[in-house]
Amino acid sequence: MNLHIFEPRYRQLIGECLATDSTFGIPSYLNNRMPGLGTEIKLEKLVQQYDDGKMDIKTVGLSVFKVLTFENPVRDKLYSGGRVQTLDNNLSDDAPQAGLLRKEIERIEKLLEVSIPIANHLPLSYQIGHKIGLSPEQEYELLGILSERERQAYLLDHLNKAIPVIEQMEKAKKIIRMNGHFRYLDPLNLES
């Protein structure tokens, strides 16, 4: 994930991560509350630092954690923090199921005329979970599934429901576009 860091509290946090080569966490925030899970983030690259202290950074998610304690802000800091517990996460996938998931992604790419880049070295579910139309609640549910196979099954189920809807929407768009070709055709003149 690429992030633009502009708030003073996050500039302080990222500055400390750069100085100490440490990770930071992003807890989930859903419906105006923190339900308890988050993602440990590694700063991969400082892309740009601006004169006013703002930054563009490239990050990668490392693990899922459960928030144990939370302080806002941490003593003597501008940012929030707390204690967390890293959760065991089985990242092994199911090759046939992963293949099915990749085929469904190709269908979406073709239907919507978009590209969803997928790297081979990262868990497939985490790469596409944010890109296939999950609601924030569904993304949080996905975060709490600690097996790559189960996450892939969850995403396949979502796509099996979503793709027929997308297909119907795309058909409707084509019909609407086609109907637009006749907008200059004179209607029946019933007065003559």
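Looking at ILE14, is it outside any helix (DSSP H, G or I) and free of Cβ contacts under 8 Å to residues at least 60 places away in the same chain? Before the answer, list the steps.
Values: outside any helix (DSSP H, G or I): no; free of Cβ contacts under 8 Å to residues at least 60 places away in the same chain: yes.
Spelling it out, it is not the case that ILE14 is outside any helix (DSSP H, G or I) and free of Cβ contacts under 8 Å to residues at least 60 places away in the same chain.
List pairs: first in the range 114-135 and more than 17 Å from ASP157 (Cβ to Cβ), second modelled with pLDDT under 90 and assigned to a loop (DSSP other than H, G, I, E, B), Cβ under 6 Å, 6+ apart or cross-chain?
Sorted first by the residue in the range 114-135, then by its partner, the pairs are ILE116/LYS131; PRO123/LEU91; GLN127/ILE118.
Among the residues of the range 87-107, count how many are of a type outside the set (Gly, Ala, Ser), over 24 Å from PHE65 (Cα atoms) and touching a helix residue (DSSP H, G or I) at 6+ places or on another chain (Cβ under 7 Å).
6
Pick out the one residue from LYS77, LYS110 that is among the basic types (Lys, Arg) and either closer than 30 Å to ILE132 by Cα or at pLDDT below 95 (or both). Before the answer, list the steps.
Values: LYS77 fails: either closer than 30 Å to ILE132 by Cα or at pLDDT below 95 (or both).
Criteria check complete, one pass: LYS110.
Return the only residue of GLN97, GLN127 being within 20 Å of the chain's Cα centre (by Cα) and part of a helix (DSSP H, G or I).
Exactly one of GLN97, GLN127 is within 20 Å of the chain's Cα centre (by Cα) and part of a helix (DSSP H, G or I), namely GLN127.
Do any residues in the range 141-154 that are under 21 Å from VAL67 (Cβ atoms) and free of Cβ contacts under 8 Å to residues at least 60 places away in the same chain have Cβ atoms under 9 Å from those of residues that are of a type in the set (Ser, Thr, Tyr) and part of a helix (DSSP H, G or I), where the two are at least six apart or on different chains, and which pairs are they?
GLU141/TYR154; LEU142/SER125; LEU142/TYR126; LEU142/TYR154; ILE145/SER125; ILE145/TYR154; ARG151/SER125; ARG151/TYR126
Suppose the filter is of a type in the set (Asp, Glu), touching a residue at least 24 places away in the same chain (Cβ under 8 Å) and in contact with a helix residue (DSSP H, G or I) (Cβ under 7 Å, 6 or more places away or on another chain); does ASP56 pass it?
Taking the combined requirement at face value, the residue does not satisfy it.
For every residue, the table says whether it meets (1) modelled with pLDDT of 95 or more; (2) part of a loop (DSSP other than H, G, I, E, B).
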position	(1), (2)
ILE118	no, yes
ILE132	no, yes
LEU142	yes, no
ASN160	no, no
MET178	no, no
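Just wondering, is there one or more residues in the range 64-77 that are over 21 Å from GLN127 (Cβ atoms), of a type in the set (A, V, I, L, M) and part of a loop (DSSP other than H, G, I, E, B)?
Taking every residue of the range 64-77 in turn, at least one turns out to be over 21 Å from GLN127 (Cβ atoms), of a type in the set (A, V, I, L, M) and part of a loop (DSSP other than H, G, I, E, B).
Looking at the range 17-63, which of the residues that are among the hydroxyl-bearing types (Ser, Thr, Tyr), within 20 Å of LYS77 (Cβ to Cβ) and assigned to a loop (DSSP other than H, G, I, E, B) is farthest from the chain's Cα centre (by Cα)?
If we take residues in the range 17-63 being among the hydroxyl-bearing types (Ser, Thr, Tyr), within 20 Å of LYS77 (Cβ to Cβ) and assigned to a loop (DSSP other than H, G, I, E, B), then SER22 is farthest from the chain's Cα centre (by Cα).
For the range 45-72, give me each residue that is loosely packed, with under 13 Cβ neighbours inside 10 Å and either out of contact with any Lys or Arg (no Cβ under 7 Å at 6 or more places or on another chain) or not assigned by TED's automatic domain parsing to the domain that holds ASP21 (or both).
GLN48, TYR50, ASP51, ASP52, GLU71, ASN72
Filter the range 74-107 for residues that are within 14 Å of ILE163 (Cα to Cα) and in contact with a Lys or Arg (Cβ under 9 Å, 6 or more places away or on another chain) and give the result.
Correct list: ILE105 only.
The values are calculated or read from the model by the stated rules, or taken from the named source; none is laboratory data. Model, not experiment: these values are computed from the prediction. Reconstructed Cβ throughout: ideal geometry from the backbone, glycine too, with neighbour counts over all protein chains shown.
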